[in-house]
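What follows is one structure encoded as structure tokens, with my remarks underneath.
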Amino acid sequence: MGVLDRFSLQGRTALVTGAGRGIGYALAQALAEAGADVACVDIDGDSARRAAEELARQGVRTLGLQADVTRKDEVIAAVSTVVNAWGRLDIGVNNAGIARGGKAEDLSEEAWDAVLEVNLKAVFLCCQAEAHVMLPQGYGKIINTASMSATIVNRPQCQANYNAAKAGVVQLTRSCAAEWASRGVRVNCISPGHTVTPMTANMGDDVRAIWLSNTPMGRLGDPSDLQGAVVYLASEASDYVTGHDLIIDGGYVLW
Ligand SMILES: NC(=O)c1ccc[n+]([C@@H]2O[C@H](COP(=O)([O-])OP(=O)(O)OC[C@H]3O[C@@H](n4cnc5c(N)ncnc54)[C@H](O)[C@@H]3O)[C@@H](O)[C@H]2O)c1
């Protein structure tokens, strides 16, 4: 098979969390464009359904599902819906996340718990529910969204909870990858740098200026900058890659 054919996702089925907007939507769009049937999952059911309707225009099957990924029963239900509809689940993109920081000395226990629940525990719940389908299939590709914040402490915003959760996602990815490598399930993560989405939209110009001055390429990321990576990691082209953290940050972590 030619190398470009190995990037095709024709005949594959995918589930993307946090797909209602931002990075998740861009990742779902890329998988659909490469030929996969895509289930868009989001806590905001309307945005999930809207995303599914838009992606259906690419000529693939889509589902729009409301689920809170911190709820184990809702994660299992979303995975079951995909399997009942399409017979299998090949690709799981565990991307939903929130940012709620503050100075470490003042950070509330509630903010700590909220960020760890969505950004780390929920990623585990998704990996586990997806693996329960993929391991018996003997094939699967899991891609978690971590962050360059797993590797560096970015500035000027203080977010010890977010940074710790994302570092946890990288090591969770490596742990699952090691456990499931011999059974056909690859687990990798992507780590975006500062990317323009609703999550980062409210940052002031002063903060953006600092981000830009710390980015060797001199621009912030666009969700489309992540699309090639997710297609690669979801496809046969990356079959010998597992446990990897692919940092896509315009060179930010170099400085
Ligand atoms: N934007 C950045 O600069 C950046 C950088 C590095 C990593 N990330 C990570 O990328 C991922 C996507 O970020 P984004 O910038 O697109 O954010 P966003 O806020 O624009 O989108 C996040 C989506 O996740 C959904 N979501 C939130 N909590 C959920 C829950 N409990 N269950 C289901 N869905 C839920 C939201 O409804 C939303 O649609 C996150 O994991 C984030 O931490 C973002």
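At-a-glance table
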| item | result |
| --- | --- |
| Projected label distance in nm at residue 199 and residue 105, using a 7 Å step from Cα toward the beta-carbon | 2.8 |
| Likely footprinting exposure, 8, 108, 47, 191, fewest C-beta neighbours within 10 Å first | 108, 8, 47, 191 |
| Positive-end residue, the chain charge dipole about Cα centroid, Cβ charges, pick of 244, 202, 172 | 244 |
| Ascending count of other beta-carbon atoms within 10 Å, so fewest first, for 244, 132, 194 | 132, 244, 194 |
| Neighbour cut-off at most 15 other Cβ (10 Å), DSSP loop, trypsin sites (Lys or Arg not before Pro), the stretch 1-76 | 57, 61, 71 |
| Debye, to nearest 20: dipole size of the stretch 5-248, +1 on Lys, Arg Cβ, -1 on Asp, Glu Cβ | 440 |
| Ascending count of other beta-carbon atoms within 10 Å, so fewest first, for 203, 134 | 203, 134 |
| Whole-Å semi-axes of the ellipsoid equivalent to the chain (Cα gyration tensor, √5λ, descending) | 28, 20, 18 |
| Farthest toward positive dipole pole in the stretch 5-248 [+1 Lys/Arg, -1 Asp/Glu at C-beta], among 228, 156, 16 | 228 |
| Nearest-0.05 FRET efficiency for residue 113 and residue 181, computed from C-beta distance (R0 30 Å) | 0.40 |
| Largest to smallest principal axis extent of the C-alpha atoms in the stretch 141-255, angstrom | 48, 27, 26 |
| Crossing angle, helix 122-137 versus the chain [Cα axis fit, 0-90 degrees, rounded to tens] | 20 |
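Taken together, the values in this text are just the output of simple stated rules run on the coordinates, not laboratory data. Fair warning: this is a prediction, and the values are worked out from it, not measured in the lab. When we count neighbours, we look across all protein chains shown, and the Cβ atoms used for this are built from the backbone with ideal geometry, even at glycine.
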